[in-house]
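Shown next, in structure tokens, is the structure this report addresses.
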Amino acid sequence: MLDAATWAGRLGGGTFLAQTYHRSYAHFPGVADTAGLFSWDDLNRIIATQRLEPPRLRLSVDGEMVPLHRYAIPTTNRRAVTWSRIQPSDFHAQLRDGASLVLDAVEKIHPAVGAAAEGLERFLGTSVQANVYASWTEREGFGRHWDDHDVVVVQLHGSKRWCLWGTTREAPTFRDVDSPEDPEGDPVADLVLSPGDVLYLPRGWWHSVTADQGTESLHLTFGMVPHTGADLMLWVVDQLRASLALRKDIPRFGSPTEQSDFIDAVRREVADRLADSRLVERWAESIDTTAPGHAIPSLPYVDGLPAQRDITVKLTAQRGRLTANPTQGTVTFSAAGTAWDFAASAASALDTLLTNRPTTLGEMADSAGLDVVEVAGLVSVLIDGHAVAVVGTAL
């Protein structure tokens, strides 16, 4: 299972974060155990059973999307609901002729990939989307291009060639004032990924990808949402909304002196906040504890959890924080945009949730020396706050 600790081990832990992340590509041959992660059978089942419209499922060749009508037909049920039904023979023909298949956000519909994405989210502290890519020929599906987010690629089946160029615009973004120029010269790396290989690629790195090894290729790409200086400034502005200087109306029709005084007041407030040496740390704590995570219902328990030891629960947020309040004799559990105060005796039970691994009410109770009734009560509060969900019922 690719949980946070496993990802850290595969990618190099602190060394990866300090020396490679956001800086340069890295190839990790044979480090991923892909058994049970995602297979051709999984892909066939999803295509056959899910209603997947472009761009969620799409075919691409030479950088262009293949029109949907070339491999699917519209289907309408008796309640006038219409969707596109894949026609296997036409679908196969497009793939055989050089199209690449893309399935977006597969972590939402495949538990093993979902768990791997959550593990990477926990390791890197950012949201992750996992896409499946399949190719059959040396024809490029997307041409040479760059992405506006970092990616971690896991080769599942067959082989695929990746030609890499560096950036031609440092840290390009989706909403940018300029576009990167095409790279010149030979690639800085020419890699062939085999099953179990992992490739890390920072945003902005140009790359072209092709299945030119004489075998079909299946791989997962985990894309990480970037956090930029612009995002930090937006967060700072949100923190300053309590400031009178930022709440005041802009003196659009005021005198030059009034306008200058207004800007000076705003500048002082922003400068004071940016002078905080712990600003990045405070921002990281904020995004860790306010990210909504993956909301999951806890059916059939719609009116609190019964005190049953074998009910299994799990934190649904990417990360949470547990803070001790010694003078009050309490601890604060923060996750999914809410903070709760509990008795200090609950700390050990809450700590088990922060591992992001499924745990039973019985295990939580034993870890803290609490009664299962008490644990069921506090977990019910967290379920109502969308921070925890039942992932294994006792029924």
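The values are calculated or read from the model by the stated rules, or taken from the named source; none is laboratory data. Small disclaimer: the values here were computed from a predicted structure and weren't measured. Quick reminder, even Gly has a Cβ in these numbers, built from the backbone with ideal geometry, and neighbours come from all protein chains shown. Heavy atoms of the whole protein, side chains included, go into the accessibility calculation; ligands, DNA and RNA do not. Shrake-Rupley method; radii C 1.70, N 1.55, O 1.52, S 1.80 Å.
Data overview
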| item | result |
| --- | --- |
| Residue within the stretch 327-347 that is closer than 16 Å to Val381 by Cα, in a helix (DSSP H, G or I) and open to solvent by less than 30 Å² (accessible area, probe 1.4 Å) present | yes |
| Top-ranked residue in the stretch 374-395 [being aliphatic (A, V, I, L, M) and out of contact with any strand residue (DSSP E or B) (no Cβ under 7 Å at 6 or more places or on another chain); ranked as surrounded by the fewest Cβ atoms within 10 Å (Cβ to Cβ)] | Leu395 |
| From the options Leu220, Leu232, residue that is closer than 28 Å to Ala389 by Cβ, out of contact with any Pro (no Cβ under 8 Å at 6 or more places or on another chain) and outside any loop (DSSP other than H, G, I, E, B) | Leu220 |
| Count of the stretch 184-204 residues which are under 26 Å from the mean Cα position of the chain (by Cα), more than 29 Å from Ile109 (Cβ to Cβ) and not in a strand (DSSP E or B) | 1 |
| Residue check for Ala324: touching a residue at least 12 places away in the same chain (Cβ under 8 Å), over 25 Å from Asp371 (Cα atoms) and not aromatic (Phe, Trp, Tyr) | no |
| Given (1) surrounded by fewer than 15 Cβ atoms within 10 Å (Cβ to Cβ); (2) under 14 Å from Asp147 (Cα atoms), index of the condition Arg247 fails | (2) |
| Identity of the residue in the stretch 56-76, aliphatic (A, V, I, L, M) and under 19 Å from Phe142 (Cα atoms), that ends up surrounded by the most Cβ atoms within 10 Å (Cβ to Cβ) | Leu59 |
| Scan of the stretch 128-137 for residues that are closer than 23 Å to Val66 by Cβ, hydrophobic (A, V, I, L, M, F, W, C) and not in a loop (DSSP other than H, G, I, E, B), ordered by number | Ala130, Val132, Ala134 |
| Out of Glu181, Glu170, Glu140, sole residue that is in a loop (DSSP other than H, G, I, E, B), touching an Asp or Glu at 6+ places or on another chain (Cβ under 7 Å), of a type in the set (D, E, K, R) and open to solvent by 30 Å² or more (accessible area, probe 1.4 Å) | Glu140 |
| Matching entry among Thr15, Thr6 (being part of a helix (DSSP H, G or I) and touching a residue at least 12 places away in the same chain (Cβ under 8 Å)) | Thr6 |
| Hits in the stretch 314-326 - residues which are assigned to a strand (DSSP E or B), of a type in the set (A, V, I, L, M) and surrounded by 14 or more Cβ atoms within 10 Å (Cβ to Cβ) | Leu315, Leu322 |
| Selection within the stretch 91-104 - buried (at least 17 other Cβ atoms within 10 Å of the Cβ) and not polar (S, T, N, Q) | Phe91, Leu95, Gly98, Ala99, Leu101, Val102, Leu103, Asp104 |
| Qualifying residue in the stretch 282-289 (condition: farther than 30 Å from Val154 by Cβ, of a type outside the set (S, T, N, Q), open to solvent by less than 70 Å² (accessible area, probe 1.4 Å) and out of contact with any Cys (no Cβ under 6 Å at 6 or more places or on another chain)) | no |
| Every pair of residues 6+ apart whose Cβ atoms lie under 6 Å, when the first sits in the stretch 152-166 and is within 20 Å of Arg203 (Cβ to Cβ) while the second is of a type in the set (D, E, K, R) | Cys163/Asp190 |
| Conditions (1) at pLDDT 95 or above; (2) open to solvent by 40 Å² or more (accessible area, probe 1.4 Å); (3) over 27 Å from Met1 (Cβ atoms): number failed by Arg79 | (1) |
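Yes/no matrix, rows are residues, columns are (1) open to solvent by less than 50 Å² (accessible area, probe 1.4 Å); (2) at pLDDT 95 or above; (3) assigned to a loop (DSSP other than H, G, I, E, B):
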| residue | (1), (2), (3) |
| --- | --- |
| Asp33 | no, no, yes |
| Phe38 | yes, yes, yes |
| Asp41 | no, yes, no |
| Asn44 | no, yes, no |
| Pro54 | yes, no, yes |
| Ser89 | no, yes, no |
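Conditions tested, residue by residue: (1) at pLDDT below 95; (2) not in a loop (DSSP other than H, G, I, E, B).
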| site | (1), (2) |
| --- | --- |
| Arg241 | yes, yes |
| Pro251 | no, no |
| Gly254 | no, no |
| Thr257 | no, yes |
| Val266 | no, yes |
| Asp272 | no, yes |
| Asp276 | no, no |
| Pro300 | no, no |
| Pro306 | no, no |
